[in-house]
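Shown next, in structure tokens, is the structure this report addresses.
The values are calculated or read from the model by the stated rules, or taken from the named source; none is laboratory data. Model, not experiment: these values are computed from the prediction. Reconstructed Cβ throughout: ideal geometry from the backbone, glycine too, with neighbour counts over all protein chains shown.
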Amino acid sequence: MSESSATDANPVSIRTDELAEMVDGILVGRPDLTLHTLAPIEEGGEGSLTFIRSQNFAKLWADSKCSAALVTEGVELPEHSPEERALIIVSDADIAVVKILEATDPGTAKPNPGVHPSATIDPDAQVDPSAAIGPGCVVCKDAIIHAGVVLMANVYIGQGAQIGTSTVIHPGVVFGDRCIIGDRGLIFANSVIGADGFGFLTATEDRPVIKVPQIGIVKIGDDVEIGACSTIDRAKFGATKVGSRTKLDNQVHIAHNCIVGDDILLCGRTTLGGSVTIGDRTMIGGGVILNDQSTVGKDVKIAGGAMVLDVIDDGETVLGVPALPIRTAMANIGASRNLAKFCRQVNKSLKKLDTDYKPS
């Protein structure tokens, strides 16, 4: 559902009873209200639909100007006026919102299938006729572009690279030689896949810094999303790997020879040092740093701004610098808040002992 305005080409409107049917919800209140936008509960007005996932948001409903709300089953709204507004009770309000957004998403403008006249395709590249190759794109020798792929504009596909079925690559992306991405991938603008890993032998008195050739590849699974301005480095040898259904936010860096599992979320500005391993279903907050060769287990949660130095076991929740289990980290944070006061008290006690001490 998109916000309706004078400039909208296709403003969306739907009745509350139609919406309830769409999300398999139970309608409590007026069936005939017309909704045209989604809005936060505090900001919406007449015609707005909001969503309430917990009791904390439920208390805001009485003062909200929204016409209707999607409500997670079990959340109580005693001040609801069914003769004026509508509630749609669903098993999970977040999932219901996703359904609505999927149904009304206008999508991103894409080039039509075929090759734009300004694109450069090597004669030895394989490009499926159903692929859309936009203006200024370059597809190098022996690259394989599968069915339904979209390269928007100024995308560079390196020699021998493989782009899986229905993958969409936004403008300015560089996809390096021999690198591979699976089906239904999504890479946003200006990301670089297959940059050289940062491999050097440090200088000594006898020789300068020596670059270590990075001859490996990047191998990415199916249904992976890579945010804008992210970088995944090729391996020194072998492959840097990103598992299926993993999602990278903007400005994420994955260094050479990392192994990132399936169904992982990496929030913005997260940095993985070389040869980091991350287990399936792990969630990593923004600005996290994982030290070279550190290992993170499955089903781990790492709070934003943490620094991982070594090993985190399966299922742990950690935070802080260095990252520690949450109970230990919170205890340390609490203690540090009183550290200055504690030190002053200790200094006073020591001075008093010095003053009171009278040697016999």
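Is there a residue in region 123-136 that is under 24 Å from Gly238 (Cα atoms), crowded, with 17+ Cβ neighbours inside 10 Å and more than 30 Å from the chain's Cα centre (by Cα)?
Taking region 123-136 as the starting set, the residues that turn out to be under 24 Å from Gly238 (Cα atoms) are 125.
Keeping just the survivors that are crowded, with 17+ Cβ neighbours inside 10 Å gives 125.
Pick out the ones that are also more than 30 Å from the chain's Cα centre (by Cα) and you get 125.
Yes, region 123-136 contains at least one residue that is under 24 Å from Gly238 (Cα atoms), crowded, with 17+ Cβ neighbours inside 10 Å and more than 30 Å from the chain's Cα centre (by Cα).
Regarding Val98, is this residue of a type in the set (Val, Ile, Thr), surrounded by fewer than 20 Cβ atoms within 10 Å (Cβ to Cβ) and without any contact (Cβ under 8 Å) to a residue 12 or more places away in the chain?
On the way: of a type in the set (Val, Ile, Thr): yes; surrounded by fewer than 20 Cβ atoms within 10 Å (Cβ to Cβ): yes; without any contact (Cβ under 8 Å) to a residue 12 or more places away in the chain: yes.
For Val98, the condition - of a type in the set (Val, Ile, Thr), surrounded by fewer than 20 Cβ atoms within 10 Å (Cβ to Cβ) and without any contact (Cβ under 8 Å) to a residue 12 or more places away in the chain - is met.
Going by the conditions given, is Gly273 in contact (Cβ under 8 Å) with a residue 24 or more places away in the chain, assigned by TED's automatic domain parsing to the domain that holds Val224, within 24 Å of Lys241 (Cα to Cα) and surrounded by 13 or more Cβ atoms within 10 Å (Cβ to Cβ)?
no
List the number of the failed condition for Ile193; all other conditions in (1) of a type outside the set (Asp, Glu); (2) under 18 Å from Cys140 (Cα atoms); (3) out of contact with any Phe, Trp or Tyr (no Cβ under 6 Å at 6 or more places or on another chain) hold.
With (1) of a type outside the set (Asp, Glu); (2) under 18 Å from Cys140 (Cα atoms); (3) out of contact with any Phe, Trp or Tyr (no Cβ under 6 Å at 6 or more places or on another chain) applied to Ile193, the lone miss is (3).
Is it true that some residue in region 3-20 is farther than 30 Å from His170 by Cβ, in contact with a Phe, Trp or Tyr (Cβ under 7 Å, 6 or more places away or on another chain) and outside any helix (DSSP H, G or I)?
Scanning region 3-20 turns up no residue that is farther than 30 Å from His170 by Cβ, in contact with a Phe, Trp or Tyr (Cβ under 7 Å, 6 or more places away or on another chain) and outside any helix (DSSP H, G or I).
Look at region 232-254 and say how many of its residues are more than 11 Å from the chain's Cα centre (by Cα), farther than 17 Å from Thr282 by Cβ and either of a type in the set (Gly, Ala, Ser) or assigned to a loop (DSSP other than H, G, I, E, B) (or both).
The number of residues fulfilling the criteria is 6.
Yes or no: region 72-79 includes at least one residue that is under 21 Å from Thr37 (Cβ atoms) and surrounded by 11 or more Cβ atoms within 10 Å (Cβ to Cβ).
yes
Restricting attention to region 59-79, does a residue exist that is under 30 Å from Asp128 (Cα atoms) and either at pLDDT below 95 or among the acidic types (Asp, Glu) (or both)?
No, region 59-79 has no match at all.
Within region 183-196, restricting attention to residues that are within 18 Å of the chain's Cα centre (by Cα) and within 16 Å of Arg234 (Cα to Cα), which residue is surrounded by the fewest Cβ atoms within 10 Å (Cβ to Cβ)? Outline the logic, then answer.
If we filter region 183-196 for residues that are within 18 Å of the chain's Cα centre (by Cα), which is where we start, we get 184-193.
After this cut, where a residue has to be within 16 Å of Arg234 (Cα to Cα) as well, the list is 191-193.
Numbers: Ser191: 23, Val192: 20, Ile193: 29.
Going through the qualifying residues, I end up with Val192.
Quick check on region 121-144. Is at least one of its residues closer than 30 Å to Met22 by Cα and part of a loop (DSSP other than H, G, I, E, B)?
Looking for residues that are closer than 30 Å to Met22 by Cα and part of a loop (DSSP other than H, G, I, E, B), one finds none in region 121-144, hence no.
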